[in-house]
1. Given the structure, is residue 40 within 12 Å of the ligand (Cβ to nearest atom), at pLDDT below 90 and open to solvent by less than 10 Å² (accessible area, probe 1.4 Å)?
2. Within the stretch 88-121, which residues are within 16 Å of the ligand (Cβ to nearest atom) and either among the acidic types (Asp, Glu) or under 16 Å from residue 16 (Cα atoms) (or both)?
3. If the Cβ limit is 9 Å and pairs must be 6+ apart or interchain, which residue in the stretch 351-367 that is on the phi > 0 side of the Ramachandran plot pairs with which residue that is part of a helix (DSSP H, G or I) and of a type in the set (Lys, Arg)?
4. Can you list the helices (runs of 4 or more DSSP H) found entirely within the stretch 102-210 that contain at least 2 residues being within 20 Å of the chain's Cα centre (by Cα)?
5. Working carefully through the options 155, 161, find the one that is of a type outside the set (Val, Ile, Thr), within 16 Å of the ligand (Cβ to nearest atom), at pLDDT 95 or above and surrounded by fewer than 24 Cβ atoms within 10 Å (Cβ to Cβ).
6. Considering only residues that are free of Cβ contacts under 8 Å to residues at least 12 places away in the same chain and closer than 28 Å to residue 218 by Cα, which ones fall in the stretch 76-111?
Amino acid sequence: MPSTIEKLHILGEAAKYDLCSSTSTPRAHTPDSIGRATRAGVCHSFLPDGRCISLLKVLVTNSCIHDCKYCINSTVNTHCTKRTITSFEAEELANLTMSFYLRNYIEGLFLSSGIVRNANIQAEIIYDTLHLLRNKHKFGGYIHAKILPGIGYDELRRISELADRVSVNVELPNKSRFEETCSTKNYQTDILKPINWLPSLKSKGMIPAGYTTQYVINAAAETDEEILNCVFSFYKDDSNFKRQYYSTCLPLNDDKTLPKKLFLRENRLYQIDWLHRIYKYSSTELQSVVDDSGFIPLNIDPKITLARNNDIFPLDVNKASYFDLIRVPGLGPTSAKRILSLQKQKVPLTRPQQLKSIGVVLKRALPFLSIGSKTQLTLEQFTNGGK
Ligand code: SF4
């Protein structure tokens, strides 16, 4: 029987496939350092107010009845790697979270789980853990709970009353792709149904930090076009969708030969997501970057593609609106606001170096701007900035 710390190593490691931040970077440490919490699955996440916090990211159990082919916990992957099956009790997990919290290792908890018998029994353990934390330990910190496929409404509601954020992983962008990867779950009833319950729970004051979902990339033959159709249908129908995460299907053994282009694909999907949420590009604009084969080109930044196809360029930097400025490659919301402030003060920008000093990446931005009626580079001269 593994000790609590041994369980933490096993179930923290097994939780690495669940994302709650696109920057879940391990902490730097040396082998002899103290406070070494990375093996136990400490990750970083961003709160709605922009603060970065450390979360204990762990599973309740790494046992599961489902056969998702991309998951290390699935019934079809037991041969891939030697692993010890183990589980936490609710009280053990609540005590562990508090002991980490009181040592300042973490500021919150991200809790997920495999499913030993059925989703509702497992959800009850997640609920019991959260209930102990909130009521016995008076823990007021951040909790992100993963919602298990096939959960019932009452179980989802009870968890949503205690968690700050929940996530229901859609995994694949449509029913047919989903069925390529799993035969034991139903896309409509196990995944989409719980997702559809979330807006009304949020409207009742639960899950104050909203909810997210995650796609596993390259687990089936899904195209980027299919993924983006699903992504934008969620964002369009529901403004409470805070984030959607894209996670490349990792090899389940120690195979180090995974092609880099798979991670570039993941990165391109994050760029599109970012351009939609932060830069307010429409779904139609963003879907136009997908090529005839249904994929976002890997060899060029999508913002460059969009700018090249947009006839508003070159923009007069001293007259352009915020909305147009943030469409310039190499120019983001912060530098656009600074330019706007200079426009309001009637301080004209006359030299590229002035732009550089307010944070604009000149190499990328200059072909799309005119400064003092001059365009600094033509699009033809611009050859390397978009790579
Ligand atoms: S339901 Fe979740 S834990 Fe279980 S096999 Fe599928 S992805 Fe893994």
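1. On the way: within 12 Å of the ligand (Cβ to nearest atom): no; at pLDDT below 90: yes; open to solvent by less than 10 Å² (accessible area, probe 1.4 Å): yes.
For residue 40, the condition - within 12 Å of the ligand (Cβ to nearest atom), at pLDDT below 90 and open to solvent by less than 10 Å² (accessible area, probe 1.4 Å) - is not met.
2. Going residue by residue through the stretch 88-121, those that are within 16 Å of the ligand (Cβ to nearest atom) are 88, 110-121.
110, 111, 112, 113, 114 - these are the residues of the stretch 88-121 that are within 16 Å of the ligand (Cβ to nearest atom) and either among the acidic types (Asp, Glu) or under 16 Å from residue 16 (Cα atoms) (or both).
3. The qualifying pairs are 359/338.
4. Values: elements: 119-131, 153-162, 175-181, 193-203.
Passing ranges, in order: 193-203.
5. On the way: 161 fails: within 16 Å of the ligand (Cβ to nearest atom).
Going through 155, 161 in turn, just one is of a type outside the set (Val, Ile, Thr), within 16 Å of the ligand (Cβ to nearest atom), at pLDDT 95 or above and surrounded by fewer than 24 Cβ atoms within 10 Å (Cβ to Cβ): 155.
6. Answer for the stretch 76-111, where residues must be free of Cβ contacts under 8 Å to residues at least 12 places away in the same chain and closer than 28 Å to residue 218 by Cα: 76, 78, 79, 82.
Quick grid of which residues meet (1) surrounded by fewer than 18 Cβ atoms within 10 Å (Cβ to Cβ); (2) over 23 Å from the mean Cα position of the chain (by Cα):
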position: 280; (1), (2): yes, no
position: 286; (1), (2): no, no
position: 289; (1), (2): no, no
position: 298; (1), (2): yes, no
position: 310; (1), (2): yes, yes
position: 316; (1), (2): yes, yes
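Here is a yes/no grid of residues against (1) surrounded by 21 or more Cβ atoms within 10 Å (Cβ to Cβ); (2) among the aromatic types (Phe, Trp, Tyr); (3) outside the structural domain of residue 76 (by TED's automatic domain parsing); (4) in contact (Cβ under 8 Å) with a residue 40 or more places away in the chain:
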{"site": "168", "(1), (2), (3), (4)": "yes, no, no, yes"}
{"site": "172", "(1), (2), (3), (4)": "yes, no, no, yes"}
{"site": "180", "(1), (2), (3), (4)": "no, no, no, yes"}
{"site": "195", "(1), (2), (3), (4)": "no, no, no, no"}
{"site": "198", "(1), (2), (3), (4)": "yes, no, no, yes"}
{"site": "203", "(1), (2), (3), (4)": "no, no, no, no"}
{"site": "218", "(1), (2), (3), (4)": "no, no, yes, yes"}
{"site": "221", "(1), (2), (3), (4)": "no, no, yes, yes"}
{"site": "224", "(1), (2), (3), (4)": "yes, no, yes, yes"}
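The values are calculated or read from the model by the stated rules, or taken from the named source; none is laboratory data. These numbers were taken from a predicted model, which means no experiment stands behind them. All Cβ positions, even for glycine, are placed from backbone atoms using ideal geometry, and neighbour counts span all protein chains on display. When the accessible area is computed, the model is the full protein with side chains, heavy atoms only, and any ligands, DNA or RNA have been set aside. Shrake-Rupley method; radii C 1.70, N 1.55, O 1.52, S 1.80 Å.
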